[in-house]
Amino acid sequence: MIIGIYGFPDAGKTNFVEQLIGSLVKKGYSVSSVKHTPHEKSMDCEGKETWRHWKAGSDPVVFASRIETSIIQHSETSADEIAKRILRDYTPDVLLFQGFKGGSFQKVAFGKVRPRKGTVLKNPTLSQFVKHIEKEVAFERVLAELPGLDCMKCGLDCRGLAGEVLKGKRKLSDCKERSDLDVGILVGGRRIPAGNFVSRIVHVTVHGMLSSLRGYEPGKEVEIRLKGGKRRV
């Protein structure tokens, strides 16, 4: 899940985020975080080798060592684009944003700040925040098991069925379009809803086509690159 934390300076956001990350990690969740600052000050410094690379025309510049890797991009990136990249490359259970004003994700307010659009909590305790995240992650995990078609064949859309599964009132097997094949179709990094019939056709067609090619290994993930996007099978 993605959630943002905002508030006036010195409202205790950083200390709270530090405690929140520690609590979530202890519970077994993988966490990524993003800190936004309104100050126009670069982590890179004039005269450094990375700075010289940038001035010569390289963007982004990567600083790599045995203990860390830093990607320095000298241009602003929206919160939603940052989220897209992190979720794609690192797939954390929880992605925390601190300080961003924008973003289409849930937000939590700290202090006496005026609530922004998408605010779901205001000045929560640590336990309240953790409970909210656990509930949202559980929901997203169930929803990810459903095809996303909202076909209503089970009497509910996918979000509705996911909610009922979490309550113990329904089962994933109640979904009439859920495939037992691990097939994912992505266009532009976004998952495309696909039911049992489409998943089976894609699976059989792609694996049948590749089975005669040198280098093909059954059981491994297959990625087919097409102009304008990628599709993972």
For the range 38-46, check the following and say yes or no: at least one residue is modelled with pLDDT under 95, surrounded by 12 or more Cβ atoms within 10 Å (Cβ to Cβ) and within 27 Å of Leu121 (Cβ to Cβ). no
Quick count over the range 124-157, residues being under 25 Å from Gly4 (Cα atoms) and modelled with pLDDT of 95 or more, is 20
Anything in the range 109-153 that is open to solvent by 50 Å² or more (accessible area, probe 1.4 Å), part of a loop (DSSP other than H, G, I, E, B) and not hydroxyl-bearing (Ser, Thr, Tyr)? List them, or say none. Lys112, Arg114, Pro115, Arg116, Lys117, Asn123, Glu145, Leu149, Asp150, Cys151, Met152, Lys153
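Residues checked against (1) farther than 27 Å from Lys27 by Cβ; (2) not charged (D, E, K, R):
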position	(1), (2)
Arg66	yes, no
Gln73	yes, yes
Ala79	no, yes
Gln98	no, yes
Lys101	yes, no
Gln106	no, yes
Ala109	no, yes
I want to confirm something. Restricting to the range 3-30 and keeping residues that are open to solvent by 40 Å² or more (accessible area, probe 1.4 Å) and either without any contact (Cβ under 8 Å) to a residue 40 or more places away in the chain or part of a strand (DSSP E or B) (or both), which single residue is nearest to Gly102 (Cα to Cα)? Pro9
I'd like to verify a number: residues in the range 90-108 that are of a type in the set (D, E, K, R), at pLDDT 95 or above and open to solvent by 20 Å² or more (accessible area, probe 1.4 Å), how many? 1
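Quick check on my filter: what residues within the range 195-213 are part of a helix (DSSP H, G or I) and more than 14 Å from Glu223 (Cα to Cα)? Give the steps one after another, and end with the answer.
From the range 195-213, those part of a helix (DSSP H, G or I) are 196-210; that's our starting set.
Hits for the range 195-213 are Asn196, Phe197, Val198, Ser199, Arg200, Ile201, Val204, Gly208.
It is to be established whether one or more residues within the range 177-194 are of a type in the set (S, T, N, Q), over 29 Å from Tyr29 (Cα atoms) and either open to solvent by less than 50 Å² (accessible area, probe 1.4 Å) or touching a residue at least 12 places away in the same chain (Cβ under 8 Å) (or both). Please lay out each step first, then the result.
First, pick out the residues of the range 177-194 that are of a type in the set (S, T, N, Q): 179.
Filter again for over 29 Å from Tyr29 (Cα atoms), leaving none.
No, every residue in the range 177-194 fails to be of a type in the set (S, T, N, Q), over 29 Å from Tyr29 (Cα atoms) and either open to solvent by less than 50 Å² (accessible area, probe 1.4 Å) or touching a residue at least 12 places away in the same chain (Cβ under 8 Å) (or both).
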Scan the range 160-173 and give yes if some residue there is buried (at least 16 other Cβ atoms within 10 Å of the Cβ), part of a loop (DSSP other than H, G, I, E, B) and free of Cβ contacts under 8 Å to residues at least 24 places away in the same chain, otherwise no. yes
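The values are calculated or read from the model by the stated rules, or taken from the named source; none is laboratory data. Since the structure is predicted, the reported quantities are computational estimates derived from the model, not experimental observations. For neighbour counting, all protein chains shown are included, and Cβ atoms are generated from backbone atoms with ideal geometry for every residue, glycine included. Note: areas computed on protein heavy atoms with side chains; ligands, DNA, RNA excluded. Shrake-Rupley method; radii C 1.70, N 1.55, O 1.52, S 1.80 Å.
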